[in-house]
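Beneath this line is the structure, given in structure tokens, with notes to follow.
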């Protein structure tokens, strides 16, 4: 029996081994491309009717029964968030929306009127989430206080082209839709988009 000299150069991989490795990497690259293609396809399908340009009118009665009207030119960036009580992903974003609303909501009442100052930075729309009473119960159970417009029939969502939730729209000070995200968005992502909307 002979022993191999540790200082001797190692044998070059056989050509078959090189071809096998190339095939593995090629297969992984194709799988990655397929995943990306599926992701982009789903994203395109979810956003097929999403509005762009001028934001649609948004008005109604908040859960606390105060009237809300988003001005045609809000004066500062506004996050319009579509969500639903039955949406698991929406629940993971609740803390972020609550935090942003607490920081950006200009909730002062107008002098002598039971009306919210419409220039606040966050408003949400609960899509197909039941009655006013059931939605109020959900908000109380989850200890949430961000402003909510109830959209039990999904009519507001349809106007904005929303088919899936959560859906986040960043509206700039002139009333233009600057960013749209379907699905989970991080707090940093939302903050960055709100910041960018001031300058675009």
Practice item. Just grab the label-to-label distance for residue 137 and residue 23, each label 7 Å out from Cα along the Cβ direction, in nm (one decimal). Key: 6.1
Exercise for review: Take the alpha-carbon centre of segment 53-82, take the same for segment 125-200, and report the distance between them in whole Å.
Suggested key: 10
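A short reminder: the numbers here are calculations on the coordinates, not readings from a lab. Just so it is clear, the model here is predicted, and its values are computed rather than measured. Heads up, the Cβs are rebuilt from the backbone with ideal geometry, glycines too, and the neighbour counts pull from every protein chain shown.
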